[in-house]
Amino acid sequence: MKITEAKVIVCSPGRNFVTLKIVTDEGVYGIGDATLNGREKSVVSFLEDYLCPSLIGRDPQRIEDIWQFFYRGAYWRRGPVGMTAIAAIDTALWDIKAKLANMPLYQLLGGRSRDGVMVYTHANGHDIESTLEQVGKYVEKGYKAVRVQCGIPGIASTYGVPKGNKAYEPADSDLPSETSWSTEKYLNHIPQLFQEVRKQFGDDLHILHDVHHRLTPIEAARLGKEVEPYHLFWLEDCVPAENQEAFKLIRQHTTTPLAVGEVFNSIHDCRELIQNQLIDYIRTTVVHAGGITHLRRIADFAALYNVRTGSHGATDLSPVCMGAALHFDYWVPNFGIQEHMAHSEQMLEVFPHAYRFNDGYFTPGELPGHGVDINEELAAKYPYKRACLPVARLEDGTLWNW
Ligand code: CS2
Ligand code: MG
């Protein structure tokens, strides 16, 4: 069996997505997500100019060898562009293998470990009151876990909160827009949000929060300590994680569970965090961390240290990634939770999918493969449009982490 074609499909049904389709001489094909928000074309070029030509003629069943060829075989390793490209190939090959086996992907991984995949969604209002209203709507829909973010008085636009009434989409302009940030205002306001959520919704709802890399370790320690009474499911990305050791300081001060990893692309980015038990949830995902093959290695390693998975699942991860992630989550023994930021109807139409939501949980469906396809004709109607992520500055103009 041979790979005869590997083509990259770029479309923008409301936001940009990059999809890799690998076709074989037996007619079976697989698809993988290759979307890297705000850097889409770099992955397209990496795939088209360098990796896809090497795929032609290879046996698609040799997933491990192909992964090793592109990772170990490369002199320049790792990095988000390269690992996203490898992830797309890997996801498409697992799709093909599961189709050949006539099994849903989770069966091939070892079968399901649970009845459903618990997801969390996003409540993000301009103030505490409107955020609480949104939490209420999601609770009514059956969600067991909700991420809460709200506008901060005195800061013009806050991460996670949409500008108007549209759904939140961070890559919002042709060139990076500039936002402003005040740690002081944020830290003084945000604990009240969790206090109110607990008051109104009781103790059973899982509440999560994303700091989006804005704090220093000692500030993160203060926040973790102050929100302890509200029992967060997790506090996400409280500091940038280039310095894995920084988490030691945070850990010494708080029992609030910590999650990190959506920007990681390799096991080496989280090795110390996991080994030293400095985090509770690892958020690496199929599309940005080398596909199913590499994510499985990270999860198995994490399991040794009681660290559970909590994969990134914002809208910039396409429905193809979501499908593959749900099969992974259905299987992975040390599963924690899966993020689910809903794609629009327009986006979902381009990607017919087998996964379904019911009462707070997703199931990946029983179709052979990962259960997600792409309608190429429809995709062609939505051409790529450059959209960049914002940058952040402190109130005095100093550039900060977005
Ligand atoms: C985020 C994302 O979902 C999350 O937790 O941090 O919204 C992130 O900002 C985007 O995926 C960036 O592309
Ligand atoms: Mg995040």
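Data table
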read-out: Any hit, segment 164-179, residues being within 16 Å of ligand 2 (Cβ to nearest atom), within 23 Å of residue 321 (Cβ to Cβ) and open to solvent by less than 30 Å² (accessible area, probe 1.4 Å); value: yes
read-out: Elements of type helices (runs of 4 or more DSSP H) in segment 251-359, at least 2 residues being within 16 Å of ligand 2 (Cβ to nearest atom) and surrounded by 24 or more Cβ atoms within 10 Å (Cβ to Cβ); value: 319-331
read-out: All positions within segment 225-250 that are more than 16 Å from ligand 2 (Cβ to nearest atom), open to solvent by less than 60 Å² (accessible area, probe 1.4 Å) and under 21 Å from residue 199 (Cβ atoms); value: 227, 228, 230
read-out: Enumeration of residues in segment 44-63 that are closer than 24 Å to residue 27 by Cα, open to solvent by less than 70 Å² (accessible area, probe 1.4 Å) and either outside the structural domain of residue 89 (by TED's automatic domain parsing) or not hydrophobic (A, V, I, L, M, F, W, C) (or both); value: 54, 57, 58, 59, 60
read-out: Residue under evaluation residue 346, criteria (1) more than 30 Å from residue 174 (Cβ to Cβ); (2) out of contact with any strand residue (DSSP E or B) (no Cβ under 7 Å at 6 or more places or on another chain); (3) not charged (D, E, K, R), criterion not met; value: (1)
read-out: Subset tally (residues that are touching a strand residue (DSSP E or B) at 6+ places or on another chain (Cβ under 8 Å) and among the acidic types (Asp, Glu)) for segment 124-148; value: 2
read-out: Qualifying position, being over 16 Å from the mean Cα position of the chain (by Cα), of a type outside the set (Ser, Thr, Tyr) and closer than 29 Å to residue 39 by Cβ, among 277, 244; value: 244
read-out: Selection count where residues are in a helix (DSSP H, G or I) and either within 16 Å of ligand 2 (Cβ to nearest atom) or touching a residue at least 60 places away in the same chain (Cβ under 8 Å) (or both), scope segment 106-119; value: 2
read-out: Hey, residue 183 of a type in the set (S, T, N, Q), open to solvent by less than 20 Å² (accessible area, probe 1.4 Å) and within 18 Å of the chain's Cα centre (by Cα) or not; value: no
read-out: Where residue 292 falls short, out of the listed (1) out of contact with any strand residue (DSSP E or B) (no Cβ under 6 Å at 6 or more places or on another chain); (2) within 16 Å of ligand 1 (Cβ to nearest atom); value: (2)
read-out: Pick from segment 360-377, criterion open to solvent by 30 Å² or more (accessible area, probe 1.4 Å) and not aromatic (Phe, Trp, Tyr), ranking: farthest from the chain's Cα centre (by Cα); value: 377
read-out: Condition check for residue 353: in contact with a helix residue (DSSP H, G or I) (Cβ under 8 Å, 6 or more places away or on another chain) and either under 30 Å from residue 214 (Cα atoms) or assigned by TED's automatic domain parsing to the domain that holds residue 22 (or both); value: no
read-out: Residues located in segment 120-157, provided they are part of a loop (DSSP other than H, G, I, E, B) and crowded, with 21+ Cβ neighbours inside 10 Å; value: 143, 152
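The values are calculated or read from the model by the stated rules, or taken from the named source; none is laboratory data. The shown structure was predicted, so the numbers you read here are calculated from the model rather than taken from an experiment. Cβ coordinates were reconstructed from backbone atoms using ideal geometry, including for glycine residues, and neighbour counts include every protein chain displayed. Remember, those area values only see protein heavy atoms, side chains included, never the ligands or the DNA or RNA. Shrake-Rupley method; radii C 1.70, N 1.55, O 1.52, S 1.80 Å.
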